[in-house]
1. Calculate how steeply helix 80-100 sits against the longest principal axis of the alpha-carbon atoms of the chain, using the helix alpha-carbon long axis, and give the answer as 0 to 90 degrees to the nearest 10.
2. Could you give the length gained on full extension between Thr442 and Ser422, defined as 0.36 nm per residue of separation minus the Cα-Cα distance, in nm?
3. If you place +1 on the Cβ of every Lys and Arg and -1 on the Cβ of every Asp and Glu, how big does the dipole about the Cα centre of the chain come out, in debye to the nearest 20?
4. What ratio of Cα Rg to 2.2 N^0.38 Å holds for region 35-115?
5. When the accessible area of the chain is split by element with a 1.4 Å probe, what percent falls to carbon and sulfur?
6. Quick one: which of Lys146/Lys547; Lys407/Lys473; Lys121/Lys336; Lys121/Lys478; Lys146/Lys209 span more than 31 angstrom between C-alpha atoms?
7. Using R₀ = 30 Å, calculate the FRET efficiency as 1/(1 + (r/R₀)^6) where r is the Cβ-Cβ separation of Arg316 and Trp100; round to 0.05.
8. Any chance you could give the angle, 0 to 90 degrees and rounded to 10, that helix 393-414 forms with the longest Cα principal axis of the chain?
Amino acid sequence: MDLFSCDVLVVGGGGAGLRAAIAVAEMDPKLRVAVISKVYPMRSHTVSAEGGAAAVIKAGDSLDEHAYDTISGGDWLCDQDAVEAFVREAPEEMVRLEHWGCPWSREPDGHIAVRPFGGMKRERTWFAADKTGFHMLHTLFQTSLKYEPVRRYDECFVTKLLVDEGRCQGVVAIELATGKVLAIAAGAVIVCTGGCGKVFPFTTNANIKNGDGMALAYRAGAPLKDMEFVQYHPTGLPFTGILITEAARSEGGWLLNKDGYRYLQDYDLGKPEPKPVLRSMELGPRDRLSQAFVKEQEKGRTLEGPYGHYVHLDVRHLGEKVIERKIPFVRELCLKYMNIDPVREMIPVRPVVHYMMGGISTDTQGATPLRGLYAAGEAACVSINGANRLGSNSLTELLVFGARAGKAAAAFAAEGGSPSPSLHAQAQDEHRRLEEKFLRKTGGKEKIATLRSEMHQTMETSAGIYRTEPTLKDAAGKLQSLQDRFEDVSLDDHSYTFNTDLTAALELSYMLDVAQTIVQSALERRESRGSHQRTDHPQRDDGAFLKHSLASRGEGGRPRIAYAPVTITRWPPGQRVYGR
């Protein structure tokens, strides 16, 4: 077993992880920083974000308006101190990224270009055509290269957080190319591993997003917050789940049912007007648009194909010049994956799982209740997104809270404290577990693909856009059964080099843990709020449930749910509205 050490270890090489690593290196150049990622950083899922990143810059906009849009869009479950810090520091981070070389799109007069996004009253979404995440991740990665203290462990899969004396002190990981087990001791650990969309069958998320960091923290004793809030994006491609960015609608795209009718005008999207204004209704909040799709399906007004029901996204009226200048990647995706040209044809779309509002519970500095453990990005819940994230807030969140977590972890690590002597023994125990439970085990009857498929079906039917108590109880039982059956899983590949069978098994174990927290949190929240819609409890209940759920690992590995108050600073709960 190879042993390494550093002062701050960042798990995850995407936007939040790289921003955290840069923050550590800038704060104290003497600290040794390591970034460990199961993929090369430029393959992190941040690269796939298309539409843009929100920050106040335009005349007439204000920090208070951005904060209010975020809080009301999150159905008042956001911690308002976190939101205020977020909107205040967002423009600073975006300008800093500009100075580092991010090629933001510009107006003809040279000003930063901004576009409207769902749930925002003002145009405040910065963009780089429709490859914003791609350019942001490139910028962060290239910037990280200039800091000598930053060491990378690429294509290393973390299997355990090392915890002793009530403090997180490092990780155990597998080097994918060789199968070697690594132990890395650290003064502080920051988890930036992204979300867990692959718990569901139809998702915009890449195959790497299995809730790894969430499950690692959960097993180590850190609670997961607000896991019942799962965001569906209203426009994913029906088969692959590939995202058709909200930018397509912000530039003027229409959602049409099978009759060619802009059906959103028939639904309450949270606007104060009796009906949504035609020019802006496609930019309603994502949860409301996804719920409207289900209602259209129930009325028999959607189309049906080999991969289920869908509606059309029509951008033909924008014209080829606008499409090529503003949303060229949308056209590229449609041509490559659907063999259709949106300049001339309508795009089939359906709601698909996109983002987790929940995650590892942190304070505004990224610190978890477990000393020495920090988190940022989609893996964390700080909570600025509440019950429903507004489009374009997440990319800026990576920057603001990645930087905050990096600075806080650096300060913690600088206080010193020797690694526990037991870390090596813990790492050896983890090595033995991997060998005995997976690599040397024979005779198991369960297959990874079978268990994963059953988990997908359970989550889609029970914990989707609309939920009920009987289906959630049924899902809880099925997931526990899958956990029990996982103990009898077998691998076909027992080699050490690039053993994707082993990583798939480990990822499935993470997903089952995360799925249980989603279902149990949803079962115990008996109200409807944001993306969590209970048909048996259709109203928001501030009296009983204006609070965060906290899922901790209980007896037998089952989640135990507790609650914590929502921080209200200046905006008391009110009616949720959007639009101009």
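The values are calculated or read from the model by the stated rules, or taken from the named source; none is laboratory data. None of the values given here were measured: they were computed from a predicted structure. So basically every Cβ, Gly included, is an ideal-geometry build from the backbone, and we count neighbours across all protein chains shown. All accessible areas refer to the heavy atoms of the entire protein, side chains included, with ligands and DNA or RNA removed. Shrake-Rupley method; radii C 1.70, N 1.55, O 1.52, S 1.80 Å.
1. 90 degrees
2. Extending this stretch completely gives an extra 4.1 nm.
3. Dipole about the Cα centre, nearest 20: 500 debye.
4. On the way: Rg = 15.3 Å, N = 81, 2.2 N^0.38 = 11.7 Å.
The value comes to 1.31.
5. 51 percent
6. The answer is Lys146/Lys547; Lys407/Lys473; Lys121/Lys336; Lys121/Lys478.
7. Result of the calculation: an efficiency of 0.20.
8. Roughly 20 degrees between the two axes.
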